[in-house]
Structures are given as C-alpha cells and as structure tokens.
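Enquirer: Here you go, one structure.
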Amino acid sequence: MPDRKEPILIVENLKTYFEQAEGTVKAVDGVSFDLKPDEVIGIVGETGSGKSVTVKSIMRLIYPPGRIADGKILFKTDEFSPGNPQYVDITKLSEEQMTRIRGKHISMVFQDPMTSLNPMFTIEDQMIETIMFHRKVDENQAREIALEMLHKVKIPDPERRLKDYPFQLSGGQRQRVVIAIALSCNPEVLIADEPTTALDVTVQAQILELMESLQKEFHTSIIFITHDLAVIAEVANKVMVMYGGKTVEYADVFTIFENPIHPYTNSLLNCIPRVDVKQDSLSPIPGQPPVILNAPPVCPFLPRCNFRTKRCEEELPGLVEVSPGHYVRCFEEIIEKLFVSTRGGQK
Amino acid sequence: MLKIENLKKYFPVKAGFIFERTVAYIKAVDDISLEIKENETYGLVGESGCGKTTAGKTVIRLLDPTDGKIVFDGVDIAKLKEKDLKPFRTKMQIVFQDPMSSLNPRMTIGDMLSEPLLFHGIAKNKKEAEKIIGGLLEEVGLKAYHVDRYPHQFSGGQRQRIAIARAISVKPSLIVLDEPTSALDVSVQAQIINLLKRIQEELHAAYIFISHNLAVVRFISDRVGIMYLGRIVEEGDVDQVFENPMHPYTKALLQAAPVPDPRKKRERTMLIGGSPNVINRPNGCFFNPRCKYRMKICEQEYPEFVEVENGHKVACFLYNK
Ligand SMILES: Nc1ncnc2c1ncn2[C@@H]1O[C@H](COP(=O)(O)OP(=O)(O)OP(=O)(O)O)[C@@H](O)[C@H]1O
Ligand SMILES: Nc1ncnc2c1ncn2[C@@H]1O[C@H](COP(=O)(O)OP(=O)(O)OP(=O)(O)O)[C@@H](O)[C@H]1O
Ligand code: SF4
Ligand code: SF4
Ligand SMILES: [Mg+2]
Ligand SMILES: [Mg+2]
C-alpha cells in the first residue's frame with residue numbers, strides 16, 4: 001500500500017534550455033509541482049509554454065542542444081533499493097538507470113501518436129515487444145496482455161487490429177493503441193500529453209473512465225496535459241498553469257476554476273468556446289505571446305498584463321503561496337489587488 | 001462549388017498467408033452525398049473511426065474513390081488520372097490530423113513552405129518565396145526566424161500552425177481541415193479560427209472542417225454533417241443541428257460533450273455498448289444496437305435520409321413514417 005501523503009514525484013524549479021543559433025530557448029524556466037499516489041495533475045497553458053518539454057524532462061528525453069539546466073526531479077522508487085522506496089533525482093540518473101524507470105515506473109503517451117508507433121511493424125509486434133521488455137512474461141502471455149489492453153481502450157475488433165499496421169488505423173484508434181501500450185506495464189506514474197484530443201467525446205469519456213479505474217485499482221498517479229479545460233475540470237484533482245516556461249498558478253481544481261488569481265489564468269478561462277451557447281466571436285487574449293528566446297528575467301505575462309506595475313518591469317516574481325496549496329507567480333502587493341478584483345466579482 | 005454524390009471508399013481486408021485474398025471490405029466511406037458552396041464551411045463530426053479523414057482525403061483525391069462523383073467547379077474529378085488532376089492540386093489542400101507525420105522531418109520549415117510556392121509558380125524566385133513565407137508565418141503567429149528550424153524543434157501547436165500556413169500558401173479554393181486546432185490552447189485556437197475565417201473571406205474558399213471539438217464546430221461551421229459508420233446520419237444548418245438535434249446519435253454526442261466546470265460531471269454512460277465494428281455492421285440502422293429508441297423496423301431496414309425541416313435531414317425511423 002503506497003503512502004498516501006508523501007508525493008511520489010516532486011519537481012522543483014525545473015529549467016530546461018535549448019541552445020540555438022539565435023540564442024537560448026528557455027523552454028522550461030521555473031516549474032514546480034508535486035504528485036501524490038492516486039492524484040491527477042492537469043497541466044494547462046499556452047502552446048509553446050513548455051508543457052511537453054517539462055514532461056519530456058521527467059522522462060529524460062531531452063537531447064543536445066537541449067539540456068536540463070537546473071532544478072530537481074525527485075522520484076520515489078524501490079527500483080534501486082528493493083523493498084525500501086527512496087527518492088532518486090531523475091536529473092542525475094545514468095542512462096542505464098533511466099531505462100529501468102522509463103516505461104516501467106513512469107510511462108508516457110506522446111502528443112503525436114504517430115511518432116511513438118513504428119510504421120514498419122504491426123500493432124502486435126510493437127505491443128508484445130514493449131510488454132516483454134518490461135514484464136517477466138513470455139510471448140503468448142504478452143499477446144494476451146496486449147489483447148486485454150486493446151479491449152480496455154475500446155478498440156473495436158481487437159484481434160484483427162493486432163495484425164494492422166499503424167497507417168491502417170484512424171487517428172483515434174492510433175491514439176488508443178498508444179494509450180494501451182503505456183498502460184500495459186502498470187506504471188506508477190502515467191504521463192499523458194494530449195491523450196484525448198484525437199477522440200470523439202464518447203470515446204474520450206470512455207478513456208477517461210478507464211484511466212480513472214486504473215488509478216483506483218493500481219493507485220497510478222497521472223500527469224495530464226490538455227488544452228481542453230473541460231476535460232481538466234472533469235479529471236484533475238489539481239492544476240498547474242504554465243506560461244512562458246514558468247509555473248504561474250498551481251492549486252486544486254476547484255480553486256483554479258472558481259477562484260483563479262493570476263491574470264493569465266483568468267484570461268484563459270475567459271476564452272473557452274462553448275457548445276451550449278451560440279457565439280458571434282471568439283476572443284483570443286490580446287497582445288503578444290511571451291518571448292522565450294533570450295527571455296528577459298521578468299514576468300513572462302508582462303506584455304499582456306493589465307495589472308502590471310513598475311516593479312514588474314524590473315524583477316521576476318517568485319511563486320507565492322496565497323493560501324495552503326495555492327501558489328501564484330506575481331508580486332504580493334499586486335496579488336492583494338487581484339484578490340479584491342477577482343473576488344469582487346468583476347472578472 | 002463542390003458537389004459530392006454517392007461517394008464510396010472501401011478498403012479491402014486481406015487474409016491468407018501464401019495466397020492473399022480479399023475476405024471483406026472496410027466500408028470507411030459508404031455513400032456520402034453533400035454540397036458545399038464557396039465561402040461555406042461544412043463541419044464533419046462523428047465517432048473516431050467513422051470515416052471522416054478517409055472522406056476528406058478521398059474528396060481531394062489523395063485516395064482513389066471506390067465509386068461516386070466529386071464535382072469540383074463543374075468537373076467530375078473522381079476518375080481523373082493523376083496528370084489531369086494537376087491543375088486541381090493547388091486548388092485543394094488539406095491540413096492533416098497528425099501534423100508531425102505530414103511534415104518532412106529532414107526539411108526546414110522554410111524549404112518546406114517554399115517548395116509548393118516555387119513549384120506552382122506563385123513565387124518567381126527564392127527571394128520572393130522568402131518574403132511570402134515571412135508574412136505567412138507572421139499570420140499564423142510564428143516568427144520569421146523559425147524558417148531554419150526542423151519540425152521536431154517545435155511544440156505540437158506550432159507544428160499545427162505550420163501545416164495551416166502551408167495549406168493556405170497556395171491560395172486554394174477548398175481546404176480540408178482535419179482537426180486543425182486540436183493541439184492549440186483556447187486563445188491561439190481563437191486566433192487561428194479567426195484567421196481561417198479571414199482567409200475564407202479573402203479567397204472565398206470552401207472548408208471541410210473535421211473536429212471532435214463540438215464547441216469549435218458550432219462556432220466555425222455553416223452546415224454540419226454527423227457521420228456514423230461511413231454514412232451521414234444527420235445534416236443541417238449548424239444551429240438547426242445543435243439546437244434541435246434529431247438523430248439519437250447526435251443527441252448522445254451533444255450530451256457527452258464535457259463542460260468546463262469541475263462540479264458538473266457529464267453523463268458518461270450515455271452510449272451503451274462498445275464502439276461498433278466497421279466490418280460487420282449491424283443489419284438495419286447501424287446505430288440500432290446502441291439506440292434506446294430502437295423499434296422492430298430498425299433491425300430490418302436502413303432508414304432513408306429524409307428532409308424533416310428546411311435543409312435539415314436525418315436518417316432515422318423516428319422521423320420517417
Ligand atoms: N528540440 C527543440 N529544440 C529547440 N526548441 C525546442 C525543442 N523542443 C521544444 N522547443 C521549444 O520549446 C518551447 C516549448 O515547447 P513545448 O513542446 O514544451 O510546448 P508545449 O507547451 O507542449 O506546447 P503545445 O501545447 O503547443 O504542445 C517551444 O517554443 C518550442 O519551440
Ligand atoms: N489505409 C487504410 N487501410 C485500411 N483501413 C483503413 C485505412 N485508412 C483508414 N482505414 C479504416 O477506415 C476506417 C475509417 O478511418 P478514418 O481515418 O477515416 O476515421 P476518422 O473518422 O477520421 O477517425 P478519427 O476521428 O479517429 O480520426 C477505420 O476503421 C480505419 O481503420
Ligand atoms: S507580475 Fe506583474 S506582469 Fe506579471 S502577472 Fe503579476 S502584475 Fe502582471
Ligand atoms: S432508426 Fe431506429 S435504431 Fe436507428 S437511430 Fe432511429 S430509432 Fe434508433
Ligand atoms: Mg506539447
Ligand atoms: Mg481522422
């Protein structure tokens with residue numbers, strides 16, 4: 001029985017940079033969160049804000065000219081100390097040690113399903129290979145597990161699908177295969193990068209249901225990245241909002257949706273399109289997106305922020321804990337004003 | 001502008017080790033008819049695997065149709081040979097669902113975007129192409145210095161915008177947009193949708209807009225078609241369909257749409273039974289095993305596609321007496 005209180009994963013002030021000819025791309029530049037057994041954290045934020053790079057860093061899939069420049073990624077595991085789980089810092093593991101974590105303890109569903117499927121092999125070959133690599137089973141048992149997983153992700157006619165090549169599947173079917181592969185080794189942490197965008201709402205609901213039941217059954221913790229805030233509202237216990245490579249707000253799901261404080265979170269929630277009402281226009285957040293190439297050391301939301309003050313142009317705000325478990329990256333004196341403006345019902 | 005009549009696309013299912021033979025067909029697109037005017041957006045919605053992408057690819061002849069007509073600007077292009085199709089190629093573009101797989105990993109964004117411009121003579125030389133590309137990137141919210149990068153150096157949403165830039169660069173009159181905004185945050189999504197609308201006004205282009213995001217479909221489309229197992233089961237003006245859905249499948253879809261409120265849980269048990277099997281489709285109405293209004297006749301005959309109110313058509317026995 002895992003300890004429910006101690007986080008299984010702690011990310012502390014993570015920074016991942018890419019050196020480019022034009023300068024340094026600070027794709028991730030100050031991300032912090034933690035994840036307890038059983039929890040689902042939703043990561044939301046602008047396109048290009050560093051969500052995928054954050055989770056690829058956790059999987060240690062960052063290659064030169066990219067590098068993890070700073071921060072810690074602590075993962076609690078007994079892989080290196082059998083029977084006695086201890087925190088290891090993923091940023092410091094060797095590649096050999098990392099292969100014992102990746103896929104087995106932490107597995108990931110990538111944003112682009114085609115990139116994680118090999119076009120030259122059938123679904124069966126790919127699933128069996130992964131399962132046999134991580135679990136002590138023979139080929140027949142692996143095939144059984146593969147079939148069972150395809151059933152679980154609601155692929156119609158799974159026996160026949162096993163023989164298919166990736167190009168023979170629809171976008172949503174490919175996505176479900178990738179989810180099935182990630183889940184087939186019962187990881188402790190499942191990272192899902194936009195796992196349901198290629199799925200229609202009914203299949204999406206089924207997949208979310210499946211993830212929820214796995215989480216209950218195996219206490220899997222989930223990191224869920226999606227642009228669909230309605231899905232976040234449905235599955236996440238807590239939410240981390242990213243902007244320009246940084247954590248800008250982090251709290252439980254109710255707080256994020258009902259009492260958001262950061263100006264970016266507020267703007268984001270204001271542009272959700274709705275099915276249930278007719279809209280004449282969709283309004284993007286006005287102003288320029290953040291600079292991440294040679295980013296100046298100031299708040300990334302500055303160019304778009306209506307609340308900015310002189311201080312914002314000079315210093316970088318830290319993450320402030322405004323109430324237990326609710327963190328906001330902004331200056332304290334401004335947060336107080338934001339508090340009044342958001343609670344006063346004007347926003 | 002575009003008229004599709006009884007379009008079919010079947011994929012053979014093969015079996016046998018030494019002598020491969022066709023044992024069945026996947027009827028991915030099975031008798032679809034629709035019409036799109038210039039300046040109009042036709043939203044195509046439906047369960048994963050129901051044939052939307054196949055329909056989109058077949059319409060612009062990336063796949064050869066099994067049967068049917070595709071009348072584009074008065075010419076039936078369904079059976080044209082590749083060389084006769086050439087003049088139509090620039091006019092018909094597609095933005096693929098999986099942007100990574102449609103971008104050549106070994107080409108920089110600049111080369112990828114200048115290729116069609118030079119090939120079709122839209123830009124006279126490299127210099128002119130560069131200028132056009134700079135403008136295009138700006139328009140989709142990227143930067144001119146991005147031209148020297150490779151696809152893997154971009155985020156998912158950035159890649160999707162590159163694919164959009166490539167499609168609009170040749171000023172087509174028909175664009176198939178297959179989940180073009182699914183990887184974008186709501187703010188950039190709004191920006192891209194506004195951009196698509198603006199380009200449509202400029203080019204008077206017709207769009208086929210495929211998406212699972214019902215809120216976006218509702219916003220951008222003039223007309224929508226709901227697909228189920230290769231056929232269109234309901235079609236109408238977007239407000240007709242969203243405000244007065246008739247087909248039980250459409251109703252289920254709309255009810256299953258998630259809402260951005262953590263205190264409301266959607267009805268997840270709406271659709272009973274698993275996803276249907278494309279090879280052995282049920283007898284009668286394909287939806288009948290999952291339909292709570294199923295009647296005797298539904299298991300025997302496929303309902304006709306009939307107009308119930310002005311321009312609003314549905315294939316269901318509840319409305320076809
Ligand atoms: N290999 C790379 N080389 C250079 N820059 C990169 C690389 N990978 C990502 N980046 C840059 O880092 C930034 C963050 O990218 P990331 O993929 O994490 O964004 P994201 O938040 O996942 O966005 P999306 O929602 O669009 O998927 C982007 O500006 C991207 O261009
Ligand atoms: N090249 C192919 N060979 C064989 N079968 C195919 C091929 N392409 C698609 N199919 C099958 O045709 C059916 C329709 O696929 P299609 O990609 O059109 O679905 P879709 O509606 O776009 O779904 P999604 O929303 O999941 O992208 C699926 O059952 C798929 O497996
Ligand atoms: S630090 Fe300044 S610019 Fe940034 S969100 Fe707060 S008020 Fe706005
Ligand atoms: S025809 Fe019958 S089974 Fe099909 S959707 Fe209508 S009521 Fe349901
Ligand atoms: Mg991403
Ligand atoms: Mg598709």
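The values are calculated or read from the model by the stated rules, or taken from the named source; none is laboratory data. Note that this is a predicted model, so its numbers are computed, not measured. Note that we place each Cβ from the backbone using ideal geometry, even for glycine, and neighbour counts take in every protein chain shown.
Enquirer: Quick check on this structure: which one of B:Glu20, B:Glu5, B:Glu115 is farther than 21 Å from B:Gln200 by Cβ and within 14 Å of chain A (Cβ to nearest Cβ)?
Expert: B:Glu20
Enquirer: Oh, and also: Taking only region B:70-100 into account, find how many residues are within 16 Å of ligand 6 (Cβ to nearest atom) and either modelled with pLDDT of 85 or more or over 17 Å from the mean Cα position of the chain (by Cα) (or both).
Expert: Adding up the residues that qualify gives 4.
Enquirer: What number of residues within region B:194-229 satisfy the criterion of being part of a loop (DSSP other than H, G, I, E, B) and either aliphatic (A, V, I, L, M) or more than 13 Å from the chain's Cα centre (by Cα) (or both)?
Expert: Kept after step one, since they are part of a loop (DSSP other than H, G, I, E, B), are these residues of region B:194-229: B:204-205, B:211-213, B:221-222, B:229.
Still in the running and either aliphatic (A, V, I, L, M) or more than 13 Å from the chain's Cα centre (by Cα) (or both): B:204-205, B:222, B:229.
Within region B:194-229, residues that are part of a loop (DSSP other than H, G, I, E, B) and either aliphatic (A, V, I, L, M) or more than 13 Å from the chain's Cα centre (by Cα) (or both) number 4.
Enquirer: Tell me which helices (runs of 4 or more DSSP H) are completely within region A:181-275 and hold 2 or more residues being more than 30 Å from A:Asp125 (Cα to Cα), or say none if there are none.
Expert: Fully inside region A:181-275 and qualifying: A:229-235, A:253-258, A:263-270.
Enquirer: Can you name the residue in region A:153-178 that is within 9 Å of chain B (Cβ to nearest Cβ) and touching a residue at least 60 places away in the same chain (Cβ under 8 Å) and is also surrounded by the most Cβ atoms within 10 Å (Cβ to Cβ) among such residues?
Expert: A:Gln175
Enquirer: Confirm whether B:Glu35 is crowded, with 17+ Cβ neighbours inside 10 Å, in contact (Cβ under 8 Å) with a residue 24 or more places away in the chain, within 15 Å of the chain's Cα centre (by Cα) and within 24 Å of B:Phe209 (Cβ to Cβ).
Expert: No, not satisfied.
Enquirer: What's the number of the only condition in (1) within 30 Å of A:Leu190 (Cα to Cα); (2) facing another protein chain (nearest Cβ under 10 Å); (3) within 15 Å of ligand 1 (Cβ to nearest atom); (4) not basic (Lys, Arg) that A:Gly245 fails to meet?
Expert: (2)
Enquirer: Follow-up. Confirm whether A:Arg274 is closer than 27 Å to A:Phe339 by Cα and either in contact with a Leu (Cβ under 6 Å, 6 or more places away or on another chain) or within 9 Å of chain B (Cβ to nearest Cβ) (or both).
Expert: Yes.
Enquirer: Quick check on this structure: which one of B:Asp222, B:Asp178, B:Asp185 is in contact with a Gly (Cβ under 6 Å, 6 or more places away or on another chain) and in contact (Cβ under 8 Å) with a residue 24 or more places away in the chain?
Expert: Step by step, each of B:Asp222, B:Asp178, B:Asp185 is checked, and only B:Asp178 is in contact with a Gly (Cβ under 6 Å, 6 or more places away or on another chain) and in contact (Cβ under 8 Å) with a residue 24 or more places away in the chain.
Enquirer: A further question follows. Can you tell me how many residues in region B:168-212 are at pLDDT 90 or above, within 16 Å of ligand 6 (Cβ to nearest atom) and small (Gly, Ala, Ser)?
Expert: Of the residues in region B:168-212, 1 are at pLDDT 90 or above, within 16 Å of ligand 6 (Cβ to nearest atom) and small (Gly, Ala, Ser).
Enquirer: Another question, if that's okay. Hey, can you tell me all the residues within region A:239-255 that are more than 19 Å from A:Lys26 (Cβ to Cβ) and either among the small types (Gly, Ala, Ser) or free of Cβ contacts under 8 Å to residues at least 24 places away in the same chain (or both)?
Expert: Those that are more than 19 Å from A:Lys26 (Cβ to Cβ) and either among the small types (Gly, Ala, Ser) or free of Cβ contacts under 8 Å to residues at least 24 places away in the same chain (or both): A:Ala251, A:Phe254.
Enquirer: Under 8 Å between Cβ atoms, which residue pairs at least 6 apart in sequence (or on different chains) link something in region B:55-70 that is under 18 Å from B:Lys27 (Cβ atoms) and within 14 Å of chain A (Cβ to nearest Cβ) with a partner that is more than 16 Å from ligand 3 (Cβ to nearest atom) and among the polar types (S, T, N, Q)?
Expert: That search, which allows pairs on different chains as well, returns B:Leu63/B:Thr54.
Enquirer: With B:Lys126, B:Lys86 as the choices, which residue is in contact (Cβ under 8 Å) with a residue 12 or more places away in the chain and farther than 30 Å from A:Pro290 by Cα?
Expert: The match here is B:Lys126.
Enquirer: In addition: Restricting attention to region B:10-23, does a residue exist that is of a type in the set (A, V, I, L, M, F, W, C), in contact with a helix residue (DSSP H, G or I) (Cβ under 9 Å, 6 or more places away or on another chain) and at pLDDT 95 or above? Break it down stepwise before answering.
Expert: Step one: list which residues in region B:10-23 are of a type in the set (A, V, I, L, M, F, W, C), which gives B:11, B:13, B:15, B:17-19, B:23.
Next cut, in contact with a helix residue (DSSP H, G or I) (Cβ under 9 Å, 6 or more places away or on another chain) only: B:11, B:13.
With the extra rule that they be at pLDDT 95 or above, the set shrinks to none.
No, region B:10-23 contains no residue that is of a type in the set (A, V, I, L, M, F, W, C), in contact with a helix residue (DSSP H, G or I) (Cβ under 9 Å, 6 or more places away or on another chain) and at pLDDT 95 or above.
Enquirer: For region B:46-89, which positions are within 16 Å of ligand 2 (Cβ to nearest atom) and assigned to a loop (DSSP other than H, G, I, E, B)?
Expert: Residues satisfying the conditions are B:Glu47, B:Ser48, B:Gly49, B:Cys50, B:Gly51, B:Ile60, B:Arg61, B:Leu62, B:Leu63, B:Asp64, B:Pro65, B:Thr66.
Enquirer: Test A:Pro284 against the criterion of being within 16 Å of ligand 1 (Cβ to nearest atom), facing chain B (nearest Cβ under 9 Å) and assigned to a loop (DSSP other than H, G, I, E, B), and give yes or no.
Expert: yes
Enquirer: Mind listing just one residue for me: the one in region B:282-298 that is in a helix (DSSP H, G or I), crowded, with 16+ Cβ neighbours inside 10 Å and away from chain A (no Cβ under 14 Å) and, of those, farthest from ligand 3 (Cβ to nearest atom)?
Expert: B:Cys298
Enquirer: Does A:Pro303 meet the test of being more than 16 Å from ligand 5 (Cβ to nearest atom), closer than 24 Å to A:Ala27 by Cβ and either touching a Ser or Thr at 6+ places or on another chain (Cβ under 7 Å) or part of a helix (DSSP H, G or I) (or both)? If you could, list the steps in order and put the result at the bottom.
Expert: On the way: more than 16 Å from ligand 5 (Cβ to nearest atom): yes; closer than 24 Å to A:Ala27 by Cβ: yes; either touching a Ser or Thr at 6+ places or on another chain (Cβ under 7 Å) or part of a helix (DSSP H, G or I) (or both): yes.
Yes.
Enquirer: Is it the case that region B:200-211 has a residue that's touching a helix residue (DSSP H, G or I) at 6+ places or on another chain (Cβ under 6 Å) and facing chain A (nearest Cβ under 9 Å)?
Expert: No, region B:200-211 contains no residue that is touching a helix residue (DSSP H, G or I) at 6+ places or on another chain (Cβ under 6 Å) and facing chain A (nearest Cβ under 9 Å).
Enquirer: Within region A:184-193, track down each residue that is crowded, with 22+ Cβ neighbours inside 10 Å and farther than 21 Å from A:Asp34 by Cα.
Expert: Hit for region A:184-193 is A:Ser184, nothing else.
Enquirer: Here is a further query. Give the residue, chosen from B:Ala252, B:Ala256, that is at the interface with another protein chain (Cβ under 10 Å from one of its Cβ atoms) and under 30 Å from A:Pro260 (Cα atoms).
Expert: Details: B:Ala252 fails: under 30 Å from A:Pro260 (Cα atoms).
Within the list B:Ala252, B:Ala256, the selection yields B:Ala256.
Enquirer: Is one or more of the residues making up region B:175-198 touching a Ser or Thr at 6+ places or on another chain (Cβ under 6 Å) and away from chain A (no Cβ under 14 Å)?
Expert: Within region B:175-198, none of the residues are touching a Ser or Thr at 6+ places or on another chain (Cβ under 6 Å) and away from chain A (no Cβ under 14 Å).
Enquirer: Also, quick follow-up: Somewhere in region B:129-147, is a residue buried (at least 23 other Cβ atoms within 10 Å of the Cβ) and in contact with a helix residue (DSSP H, G or I) (Cβ under 7 Å, 6 or more places away or on another chain)?
Expert: yes
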